[in-house]
Every structure is written in structure tokens, then in C-alpha cells.
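These notes are about the structure you will find just below.
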Amino acid sequence: MGPGLLIASPQMRDPSFERTVVLLWHYDEDGAIGVVVNRPMDVRLSQVVTTSDDGADQRCRVGWGGPVEPETGTVVSQAAVDDDQGWNLPTGIGISRSQTVLEAWVSSNMPMELLLGYAGWGPGQLDDEIRTGGWLIADVDAALLFATPVDERYDRALATLGLSASTVWMTPIDE
């Protein structure tokens, strides 16, 4: 599995991840890392970082990215980032945890999201959660991230798979 969207199954009862969509950018034998993209926070960018750009609060939504290191941020945009400062997904989405990149994207008037915290899984943990019916997997969809209102992203992510919350019932896979 490579970069993609993790969609919490409708039966997910973990309060951190119930009805969430996670943008997964790293997955290998050592674990996985992503950010929740559909939990807005009642916080403006200017309350989190210092910026002289008065319009940044309108261009950059701040959201809850996950329970790990909530004092750190991950910025997601439709801009490329240098490999030493982040990750570029094949769909044209750039991801960075760099303050320098955040400042550059703010000053370039780039639409973006700053997500506080992240979601992380240890070796095999995400595989187990998928196997037990916790997550559905979808391709990264830039329109879902940048053209869909936050409160509609969960239902839209399921719809990209031809599903709705009322038609999905996940049960563990028996091997």
C-alpha cells in the first residue's frame, strides 16, 4: 500500500478516529503516518503561527491531524515540496512538517491546510486494523481535500468507493 486515504469504517468506535478520513503519506514495514483531514478546529492560522499575511486565515484551514504530537503541525497543499522538506504524492499534493515550507506557502497565497498532530501506526498495526475491519482504503483525491467542505469529506470519501455509511458493514477477515 502506498499513499492513499484511510476511511474509518462506520463501525469504528475509537473516539479519535470515528468518522475520519486520514491522508496516509508513508507506509512501509516500519509503520505508517498520516493526518486526519476532516476534523476542523475552531482556531485560525494566526493563532498558531506568526504571519504578516492578513489573508492567510482565509486561505489556510487549521484542523486536528491526529493524537500524536498535537503541538506539531503538518501542512498539506497542492504544491510541490523539496524532497528534503517533505513528501510529494503522485496526485500533486505536497506534505511538509517544515515551518519554512509553511511560511513559503503562506506568502505564495497557496491554498493549504495546517493539521495539528498526526496519526501514526507501528509495524503491522495498521495492517491489523485494516484486517479487522477498521479502515477502508481509497486513492488520494485532491478534489476531496481542496474542493470539498470539511464536514462533507467523510461521506464523499465513502462515495468515491460507491458506498455510504448506511451500506457498509465491516467485519473481521478470517484467514
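The values are calculated or read from the model by the stated rules, or taken from the named source; none is laboratory data. From a predicted model like this one, the values you see are computed outputs, not experimental measurements. Methodologically, a virtual Cβ is constructed for each residue, glycine included, from the backbone with ideal geometry; neighbour enumeration extends over all protein chains shown.
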Cβ contacts < 6 Å: first residue aromatic (Phe, Trp, Tyr), restricted to segment 104-127; second residue surrounded by fewer than 16 Cβ atoms within 10 Å (Cβ to Cβ), any location; separation 6+ or different chain. Result? 118/68; 121/31
Conditions (1) part of a strand (DSSP E or B); (2) surrounded by 15 or more Cβ atoms within 10 Å (Cβ to Cβ); (3) out of contact with any strand residue (DSSP E or B) (no Cβ under 6 Å at 6 or more places or on another chain); number of the one not met by residue 72: (2)
Identify, by number, the condition in (1) under 29 Å from residue 164 (Cα atoms); (2) at pLDDT 85 or above; (3) surrounded by fewer than 16 Cβ atoms within 10 Å (Cβ to Cβ) that residue 1 doesn't meet. (2)
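Any idea which of 101, 81 is buried (at least 17 other Cβ atoms within 10 Å of the Cβ), free of Cβ contacts under 8 Å to residues at least 40 places away in the same chain, assigned to a helix (DSSP H, G or I) and touching a helix residue (DSSP H, G or I) at 6+ places or on another chain (Cβ under 8 Å)? Quick ask: steps written out before the conclusion?
Working: 81 fails: assigned to a helix (DSSP H, G or I).
Testing whether each residue is buried (at least 17 other Cβ atoms within 10 Å of the Cβ), free of Cβ contacts under 8 Å to residues at least 40 places away in the same chain, assigned to a helix (DSSP H, G or I) and touching a helix residue (DSSP H, G or I) at 6+ places or on another chain (Cβ under 8 Å) leaves just 101.
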Conditions (1) part of a helix (DSSP H, G or I); (2) farther than 29 Å from residue 47 by Cβ; number of the one not met by residue 154: (2)
Residues satisfying the stated conditions in segment 46-91, i.e. aliphatic (A, V, I, L, M) and under 21 Å from residue 119 (Cβ atoms): 48, 62, 68, 75, 76, 81, 89
